[in-house]
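Read the figures in this text as sums done on the coordinates, not as results from a lab. Every value quoted in this text rests on a predicted model; they were computed, and no experiment measured them. Counting neighbours? That spans all protein chains shown, and the Cβs are built from the backbone with ideal geometry, glycine included.
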Amino acid sequence: MGLTFVEKIAARHADGLAAGTVVHAGDFISIRPRHVMTHDNTGAVIPKFKQIGATAIADQAQPVFA
């Protein structure tokens, strides 16, 4: 059976998988998104980042603030 839309996207963006690795429902993978978005909750999220010891954004192009 073919892959679902989500399985295709997950396999394409999975972090640390060899090219061509097939991902199925139930697999545990790590995904590094191109962008992450935050909006009205930005102010509430900043203390959480500080709480985990974050001091800088690793990829300055990744966050999108709306």
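Odds and ends about this structure:
- Estimated FRET transfer efficiency (residue 24, residue 64; beta-carbon r; R0 30 Å; 0.05): 0.50
- R0 of 30 Å, Cβ-Cβ distance residue 57-residue 3: FRET efficiency to nearest 0.05: 0.40
- Here, the chain yields an orientationally averaged convex hull projection of 6.3 nm² when only Cα atoms define the hull.
- For segment 24-40, backbone phi angles converted through the Karplus equation (6.51, -1.76, 1.60; θ = phi - 60°) give residue-by-residue couplings of 10, 3, x, 6, 9, 9, 10, 10, 10, x, 5, 9, 10, 10, 9, 9, 4 Hz, Gly and Pro being listed as x.
- Compared with the dominant principal axis of the Cα atoms in the chain, helix 42-51 is inclined by about 90°.
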